[in-house]
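Taking it in order: structure first as structure tokens, then the write-up.
The values are calculated or read from the model by the stated rules, or taken from the named source; none is laboratory data. This structure is a prediction, so every number in the text was calculated from the model and none was measured. Because the Cβ atoms are built from the backbone with ideal geometry, glycine has one as well, and the counts that use them run over all protein chains shown.
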Amino acid sequence: MSRRKKANSGNHPPPPSRVKPQRKWYKADLHLHTPASRDYEEPGVTYLAWLRKVVEQGLEIVAITDHNTVAGIGAIRRELDWLTQLEAQGRLTAEEQQRLQEWRSLGNQVVVLPGFEFTATFGFHILAIFPPETSVRQLEHILLAMKVPAAKLDEGSTETGATTDVITAYRMIHEAGGLVIAAHANSTHGVAMRNFPFGGQTKIAYTQDPNLDALEVTDLDRPGRSTARFFNGSKSEYPRRMHCLQGSDAHRLTTDPKNPKRLGIGERATELLLDEPSFEALVALLRSKQFDRVRPAQPADKPFDALDVVREEGPTLMQSFHDSIAQRGGKFDAILADICAFANTAGGVVYVGAKAGKGKLRGLTAPEQVEQEIRRAIQERMTPQLEVKIDVVTSQNAKVLRVQTPKGLDIPYALDGNKFYVRDEAETNLAVRDEIVALVREALGFEAEQDEPTPPPVKETPARPAERTSGRQQGAQRNGKAPRPNAAKTATPAPTVAAEVEPVPPPTDTTFYLPQVGVEIIDSEERNGHRFYTIRDLRNGHIIKNVTRKGARKLWSYAIQQAEDSPVDPAKIQWRENAGFVRVERRAGKPRYDLALREGDALRIFYGVTDDGMEGVWAQFVQEE
């Protein structure tokens, strides 16, 4: 008899098998202040009332993140320790007994994590969150190590003088065992530097650092406009996809009726799909690549529907929709084309059985059968072989297939052996010759085709010079290598204009020297009565030759149409140093900007730039809707 059989023989039952925990959605608010923060708006509130409100709001995981202090955490622990000691000595009054019982009852309903909101160099805010057992002394030691003055440890102030820089703070918090979250990244004091006219390489470093676990954003529930969409991994400058969550940043118990932006506890919360409500489960999620397990919390009478969110957002670079599937009529081919394009571009998701917008869902009557057909078609028609993840999501009692396609490891991918597709924003297109060449060069590890050296770039006016770091030319969205602009070759029929200001020295950081979305016409010539254009697609850095107005894609066609029918008048350009605003039009549901760049005697025009493509000096031209 084997040892295993002997161990299980006799009257003793076998050891119980380990059952994998059942995941569920937990409501969390990881950015809460207490009266220990100097700017708390209800200083008379007790800590017990604070915890009572946390539980009333249905929160299951919260973090105390006062400004550069852990005095609030210390106050709570001192009261509990004191009441517990009195209980052990039999000295509790009736009121104290009731208070201790309420502390325990409330504490059993929510996980309270200790932490703080650190003010780094130049005022950027960082949330540091730690395991429940972390002592106040440990937390204060971390704050002292990050140069918060000892005299200010109990002040709870955002003003601390010269402290540690952002990147070092990330590392120190991470090494101390903490969770690192960039506070309100897209807003004031946020590391995403929204609307800053500078900060290319700095912004990349602050939002892509390996020690940063997540970004807290204020627009997680705004389809199509969410900061989370910007950090979805599709941009070559921001290749690391970031977990994004939201917190209330509450400095009061309830929302201020006179100022709805001053939120109360749990008014802007996040739901997290976890095995259990614990610090360890939270860390495991935010350091994973499972991005579908974080969502904005919704009222109980209006549960969150992820499909509703993506449908409202509509087709993008990384998602597409097909209301039905039919091998006749081209819809099945269109689905495969999208899968091929996502594999060749930046990855993406195809929703089958759903169309964009708010209309009624059609769904699929036999999603399992459709899944088998898609898998079989991919295996038979896609070259080389491609692994996709397919599952069923339910919305409005309708079943929809979700086909998740990674960026391929063996590009270029082809359908039926000779059809190469690429994704341009919300469109899937057959790749033209120059795009196929670019895909092959990328696969072989070659740099993008280069033009002549870059002339002195746009002047920026840095508000924080010490934050600036050396950078590289803004470039291809997928291969990270930008073709260098050729100032000597101005697009025909685009005009040229002499610079009206003295030449300015180039900035240290040229990361976003060019817009990141849009099209530039860099040359044209007439052959046999037809005009052929050479364009630079700023979405991916590719240079495409022999483009005609009739055969051009939408954005290419728009650029050619504007250049031919509405040539730019240099006298009407609104200049800010060497960067200029030409016009804005609303196309395909979003504003599209035509912009200008002045380089010596040459004028470069960029057509159809979206908000997402306007960083650095270009951000100043974004118009609020």
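Does THR65 satisfy the criteria of being more than 30 Å from ASN186 (Cβ to Cβ) and either at pLDDT 95 or above or in contact with a Leu (Cβ under 8 Å, 6 or more places away or on another chain) (or both)? Before the answer, list the steps.
On the way: more than 30 Å from ASN186 (Cβ to Cβ): no; either at pLDDT 95 or above or in contact with a Leu (Cβ under 8 Å, 6 or more places away or on another chain) (or both): yes.
So THR65 fails the test.
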Completion exercise
Okay, helices (runs of 4 or more DSSP H) sitting entirely in the range 147-245 with 3 or more residues that are more than 17 Å from the chain's Cα centre (by Cα), I get 166-175
Fill in the blank from the handout: Taking the range 547-568 and the residues there that are of a type in the set (S, T, N, Q) and free of Cβ contacts under 8 Å to residues at least 24 places away in the same chain, the one that is surrounded by the most Cβ atoms within 10 Å (Cβ to Cβ) would be SER557
Fill in the blank from the handout: Okay, strands (runs of 3 or more DSSP E) sitting entirely in the range 259-327 with 1 or more residues that are polar (S, T, N, Q) and either under 18 Å from the mean Cα position of the chain (by Cα) or surrounded by fewer than 20 Cβ atoms within 10 Å (Cβ to Cβ) (or both), I get 270-274, 319-322
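Each row is one residue, and each column tells you yes or no for (1) without any contact (Cβ under 8 Å) to a residue 24 or more places away in the chain; (2) within 28 Å of MET318 (Cβ to Cβ); (3) surrounded by fewer than 16 Cβ atoms within 10 Å (Cβ to Cβ).
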{"site": "GLU133", "(1), (2), (3)": "yes, no, yes"}
{"site": "GLY156", "(1), (2), (3)": "no, no, no"}
{"site": "GLY161", "(1), (2), (3)": "yes, no, yes"}
{"site": "ILE173", "(1), (2), (3)": "no, no, no"}
{"site": "HIS184", "(1), (2), (3)": "no, yes, no"}
{"site": "ASP213", "(1), (2), (3)": "no, yes, no"}
{"site": "ASP219", "(1), (2), (3)": "no, yes, no"}
Practice task
Spot the failing condition for ALA552; the list is (1) out of contact with any helix residue (DSSP H, G or I) (no Cβ under 8 Å at 6 or more places or on another chain); (2) within 26 Å of ARG441 (Cα to Cα), and only one is missed.
Solution key: (1)
Problem - Single residue of THR227, THR255, THR188, THR168 found to be surrounded by fewer than 19 Cβ atoms within 10 Å (Cβ to Cβ) and in contact with an Asp or Glu (Cβ under 8 Å, 6 or more places away or on another chain) - result: THR255
Practice task
Filter the range 521-545 down to the residues that are assigned to a strand (DSSP E or B) and under 30 Å from the mean Cα position of the chain (by Cα), then identify the one that is nearest to GLY589 (Cα to Cα).
Solution key: ASP537
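When you check LYS399 against the structure, is it surrounded by fewer than 22 Cβ atoms within 10 Å (Cβ to Cβ), touching a strand residue (DSSP E or B) at 6+ places or on another chain (Cβ under 6 Å) and outside any helix (DSSP H, G or I), yes or no?
Criteria met by LYS399.
Residues of the range 546-568 being part of a helix (DSSP H, G or I) and under 29 Å from GLU313 (Cα atoms), which ones? Outline the logic, then answer.
Of the residues in the range 546-568, the ones part of a helix (DSSP H, G or I) are 554-565.
Answer for the range 546-568, where residues must be part of a helix (DSSP H, G or I) and under 29 Å from GLU313 (Cα atoms): LYS554, LEU555, TRP556, SER557, TYR558, ALA559, ILE560, GLN561, GLN562.
Quick check: is even one residue across the range 98-121 charged (D, E, K, R), outside any helix (DSSP H, G or I), more than 23 Å from LEU285 (Cβ to Cβ) and in contact (Cβ under 8 Å) with a residue 60 or more places away in the chain? Outline the logic, then answer.
Residues of the range 98-121 that are charged (D, E, K, R), as a first pass: 99, 102, 104, 117.
Next cut, outside any helix (DSSP H, G or I) only: 117.
Those still in the list that are more than 23 Å from LEU285 (Cβ to Cβ) too: none.
No, that holds for no residue.
When you look at GLN138, is it over 18 Å from the mean Cα position of the chain (by Cα) and either modelled with pLDDT of 95 or more or in a helix (DSSP H, G or I) (or both), yes or no?
Numbers: over 18 Å from the mean Cα position of the chain (by Cα): yes; either modelled with pLDDT of 95 or more or in a helix (DSSP H, G or I) (or both): yes.
Taking the combined requirement at face value, the residue satisfies it.
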Exercise for the section: Considering each of ASP338, ASP249 in turn, give the residue that is surrounded by 15 or more Cβ atoms within 10 Å (Cβ to Cβ), in the same structural domain as GLU387 (by TED's automatic domain parsing) and either of a type outside the set (Lys, Arg) or within 30 Å of ARG376 (Cβ to Cβ) (or both). Expected result: ASP338
